[in-house]
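Written out below as structure tokens is the structure these notes cover.
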Amino acid sequence: MGVNTLKSLSGGVLIVTNSIQEIEVLEKEIQSNCGEELEACIHRLRKPRIIILNVPADINTSNIEDTIIRQNPNLNLKKGSMTAKFTYDTKRMNRNAVLEVGADTRKTLLSSKIRLGWQVCRVDDYVTATRCFKCSKFNHRTAECRGEVTCPLCAGPHTIKECKSDPTTHKCTNCATYNKNNPTKVISVDHSALDRGCPSLQAVLERNRLNTEY
């Protein structure tokens, strides 16, 4: 067995091996020999999520799976191969649906346009980052936040509603924090934390992709 990484975490240790088979053997040995003192948990990759764009108004989370299977028999999809998570309306009044699927189902759906009702809908990967509305940082929600109020536009100590900054003075709090912790790898901070091109956001999205079973 080859151990590639052994890293201390808060309250635990992260062990990375060469394969899932090796980590399963290691988990079994830890549980067998140290089960009373230690708990071994294998990190599982999350299922992919896909977004179906411009779905008809009568399509919802309760009927979208059956509709996709019935109207797209050429895809040979089976019931239970997808789980509808939610639908939402865009600012342009289009309606999108987000589904959680397996890796094989994702490949099938991404390779085709989906018939829903009288419409043909495009499918894409759905990869997002959770950003706190209070401190503007990633990977936690406002209810869990222990940080200070930070404006996502200018990084000032106020809410976005109170911000009076000009777009030319926007500053990303996340990229500024990165620069503080990585002085030899400075990145641009001349944008807001809401900018889709933000390097910090793109790094979070890439980590989410790496933790997904594509």
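No value in this document is a laboratory result; all are computed from the given coordinates. Everything quoted here is computed from the prediction, not taken from an experiment. FYI the Cβ positions are ideal-geometry reconstructions off the backbone, even for glycines, and counts take in every protein chain you see.
Of the cross-linked pairs K78/K113; K134/K161; K78/K107; K7/K134; K47/K107, those separated by over 19 Å at the C-alpha level are K7/K134. Please list log₁₀ I(q)/I(0) at q = 0.20, 0.24 Å⁻¹ for the range 49-125, using the Debye equation with identical point scatterers on the alpha-carbon positions. Debye curve over Cα of the range 49-125, log10 I(q)/I(0) at q = 0.20, 0.24 Å⁻¹: -0.78, -1.18. Exposure proxy for R49, R146, R141: other Cβ atoms within 10 Å of each Cβ, ordered fewest to most, give R146, R141, R49.
Remark: the range 83-98, residue by residue, has Karplus-estimated 3J(HN,Hα) of 10, 6, 9, 5, 10, 8, 9, 8, 5, 8, 6, 8, 10, 10, 10, 10 Hz, where x stands for each Gly or Pro and the curve is 6.51 cos²θ - 1.76 cosθ + 1.60 at θ = phi - 60°.
Where only DSSP H runs of four or more residues are counted, the chain gives -7000 deg cm²/dmol as its mean residue ellipticity at 222 nm, each run worth -39500 (n - 2.57). Computed from the alpha carbon atoms alone, the convex hull of the chain holds 198 Å³ per residue. Each of W118 and L45 was given a label point 7 Å from its Cα along the Cα-to-Cβ line. The distance between the two points is 4.1 nm.
Work through the residues other than K137 whose Cβ is under 12 Å from its Cβ and net out their charges, Lys, Arg +1 and Asp, Glu -1. Neighbour charge sum, excluding K137 itself: +2.
Taken about its Cα centre, the chain carries a charge dipole of roughly 900 debye when the Cβ of each Lys and Arg holds +1 and the Cβ of each Asp and Glu holds -1. By how many nm would the segment from I187 to S62 grow when fully extended, if each residue of separation counts as 0.36 nm and the alpha-carbon distance is taken off? 40.6 nm is the gain from fully extending I187 to S62.
Spacing of the modelled spin labels on Q31 and H140, each 7 Å from Cα toward Cβ, amounts to 3.1 nm.
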